[in-house]
Amino acid sequence: MCGIVGYIGNEDTKEILLKGLEKLEYRGYDSAGIAVRSEDMNVFKVKGRIANLREAVDESVHATTGIGHTRWATHGEPSETNAHPHQSSTGRFTLVHNGVIENFEELKRDYLEGVNFASETDTEVIVQLIEKFALESGNTLEAFRKTVSLLHGSYALAVLDSENPDEIFVAKNKSPLLVGLGEDFNVVASDSMAMLQVTDQFVELMDEEVVIVKQDNVELQKLDGTTVEREPFTAEIDASDIEKGTYPHFMLKEIDEQPFVMRNIIQEYQDENDDIKLDEDIRKAMSECDRVYIIAAGTSYHAGLIGKEFLEKIAEVPTEVHVASEFSYNFPLLSEKPLFVFISQSGETADLRSVLVETNKLGHPALTLTNVPGSTLSREATYTMHLHAGPEIAVASTKAYTAQMAVLAILAVDTARAKGLTLDFDPMKELGIVSSAMESLCDQKEVFEQIARDYLSTTRNCFFIGRGLDYFVGLEGALKLKEISYIQAEGFAGGELKHGTIALIEDGTPVIALATQEHVNSSIRSNVQEVVTRGANDCIISLEGLDREGDAFVIPNVHSLLTPLVSVLPLQLISYYAALHRDCDVDKPRNLAKSVTVE
Ligand code: M6R
């Protein structure tokens with residue numbers, strides 16, 4: 001969602017800020033802006049892309065201090081006026097903000113009567129409050145602290161004061177924010193990726209701290225003014241991981257990376273005796289719990305559905321899977337010894353965090369599976385398992401999804417072994433086979449491009465059907481297709497269509513069916529017949545050995561429980577090409593954000 005950058009040093013800040021914002025584009029946004037300080041404060045804002053912002057920025061302005069922002073609209077439509085940075089009434093203070101201020105209306109009413117607001121945002125309240133308190137106390141830091149202590153909600157803030165040109169004031173609550181360290185310069189970023197261009201040394205900021213960032217010094221303080229010391233960490237992201245290289249889109253690159261990600265996971269979770277390498281505390285938590293509650297959203301929820309099958313079938317652990325946004329307001333009756341498993345690529349999803357806050361209050365153990373180990377959900381949970389998928393930039397999740405399933409399979413096998421269950425399943429060997437199968441699919445992209453052309457060029461809708469594990473993969477296929485191609489797509493259990501939805505089947509309606517599960521192979525094929533009889537254009541993707549004449553594609557044989565890791569690749573590629581054929585912005589689909597940090 002929203003992104004923040006800031007720079008204070010000797011270089012031309014415009015270019016550093018713009019490049020930083022470009023690195024955050026993948027998170028999703030609808031407007032952007034920067035403020036750079038030369039003699040005066042210069043604010044440039046646009047609706048739309050960073051490319052538009054580049055055009056709007058006055059090249060002749062030379063400045064060495066500035067802040068920038070990408071906005072994903074919550075309060076107020078996407079527009080130039082509502083874009084950040086926002087300024088106080090006199091123009092003295094300029095601010096960027098990530099998050100949502102829940103009590104902005106109360107603050108307006110209680111403190112800012114008579115102040116004219118330029119925008120419809122919750123954010124503007126913050127900058128107006130800072131100005132009011134600064135005028136009253138004559139001290140910017142005090143005004144900033146007082147403002148921050150009044151805010152309810154989530155925020156990451158960076159503020160410039162025209163009367164203190166050598167400082168950027170920074171604070172956060174719930175939303176991530178980092179300060180990056182350099183020689184003769186310092187930076188601010190909501191994600192280290194934005195500033196890897198200038199440094200890999202970052203200091204993590206905590207809630208209820210304020211930070212004064214100068215060119216040659218960074219001072220962390222608690223809200224009461226006491227100084228905080230914190231060592232920087234090295235961001236271990238290879239800058240080339242966040243470049244497209246020769247690929248036209250990140251999504252295609254990330255689909256192609258999946259065989260490598262599988263091998264990476266094998267390496268990371270295997271010890272020198274070929275046993276599973278897992279934190280003993282996680283092993284203990286898994287064997288002590290009487291039920292696992294998986295909490296997730298979107299694609300990660302779909303991985304959770306498969307994870308339930310692994311945990312129940314391999315490890316015999318009763319497991320429930322819940323959509324995070326529903327769970328947080330409707331806690332079910334819990335078992336006596338629950339273990340919560342949060343699955344999140346980004347580790348920042350607000351819907352999951354609000355569940356975690358509650359489960360922490362109740363004292364239940366929590367395990368986060370994430371691609372970003374330092375993320376909020378990772379820090380606040382009892383345990384973390386890393387997905388090792390490498391940075392995922394495209395909004396549509398691909399390699400993180402298959403990594404989530406692979407890590408869940410390893411967790412299930414480890415739990416089964418710890419319980420002494422007899423297993424005929426070596427997860428590392430099987431994941432190796434999955435990796436090779438994935439490779440062979442990635443080498444046949446032209447087939448999926450043709451399927452997308454034949455079935456999806458002009459259609460308005462599409463159905464995905466499957467039974468058992470295939471049903472869950474169908475849900476993910478439908479999500480992938482709709483989020484990037486805007487085709488209305490739905491996933492259904494094969495037997496369920498005839499209970500209502502079959503009414504929507506007309507001549508030529510595409511129905512993509514998965515047939516990778518032996519025990520339901522005949523039934524899913526009957527379901528395909530039911531829709532074909534009513535005019536559907538069927539496309540069956542089956543597993544080697546279960547294939548029949550006329551199937552559109554046959555995936556190589558892998559362990560029956562792990563078929564979802566492979567059968568999803570055709571669906572990812574078909575969605576990719578369908579979006580491409582429709583001239584959609586594949587990596588940055590409309591209205592979506594990579595990291596959904598508001599509830
Ligand atoms: O970062 P998370 O895994 O917590 O994100 C959850 C969903 O927002 C995410 O999976 C979303 O559905 C993706 N855009 C799907 O491609």
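Quick notes
Every residue, every condition in (1) assigned to a loop (DSSP other than H, G, I, E, B); (2) open to solvent by less than 50 Å² (accessible area, probe 1.4 Å); (3) under 19 Å from Asn173 (Cβ atoms), yes or no:
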{"residue": "Thr94", "(1), (2), (3)": "no, yes, no"}
{"residue": "Glu106", "(1), (2), (3)": "no, no, yes"}
{"residue": "Ser119", "(1), (2), (3)": "yes, yes, no"}
{"residue": "Ile126", "(1), (2), (3)": "no, yes, yes"}
{"residue": "Glu136", "(1), (2), (3)": "no, no, no"}
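- Filter result for the condition that a residue is open to solvent by 20 Å² or more (accessible area, probe 1.4 Å), under 26 Å from the mean Cα position of the chain (by Cα), at pLDDT 95 or above and not acidic (Asp, Glu), over Val321, Val292: Val321
- Condition check for Thr234: more than 26 Å from Asp40 (Cα to Cα) and free of Cβ contacts under 8 Å to residues at least 40 places away in the same chain: yes
- Per the conditions (1) crowded, with 16+ Cβ neighbours inside 10 Å; (2) in contact with a strand residue (DSSP E or B) (Cβ under 6 Å, 6 or more places away or on another chain), the sole criterion not satisfied by Tyr576 is (2).
- Residue match in the stretch 396-418 (condition: away from the ligand (no atom under 15 Å from the Cβ) and in a loop (DSSP other than H, G, I, E, B)): no
- When residues of the stretch 536-558 are limited to those that are in a loop (DSSP other than H, G, I, E, B) and in contact with a Leu (Cβ under 9 Å, 6 or more places away or on another chain), the one most open to solvent (accessible area, probe 1.4 Å): Asn557
- Summed over the stretch 64-88, the residues that are buried (at least 21 other Cβ atoms within 10 Å of the Cβ) and assigned to a loop (DSSP other than H, G, I, E, B) give a count of 6.
- Residue check for Gln517: of a type outside the set (Phe, Trp, Tyr) and open to solvent by 40 Å² or more (accessible area, probe 1.4 Å): no
- Thr359 being of a type in the set (Ser, Thr, Tyr), without any contact (Cβ under 8 Å) to a residue 40 or more places away in the chain, open to solvent by less than 20 Å² (accessible area, probe 1.4 Å) and closer than 25 Å to Tyr471 by Cα: no
The values are calculated or read from the model by the stated rules, or taken from the named source; none is laboratory data. This is a predicted model, so every value here is computed, not measured. Ideal geometry is used to build each Cβ from the backbone, glycine not excepted, and the neighbour counts take in all protein chains shown. Ligands, DNA and RNA are stripped out before the accessible areas are found, and what is left, the full protein with its side chains, is counted by its heavy atoms. Shrake-Rupley method; radii C 1.70, N 1.55, O 1.52, S 1.80 Å.
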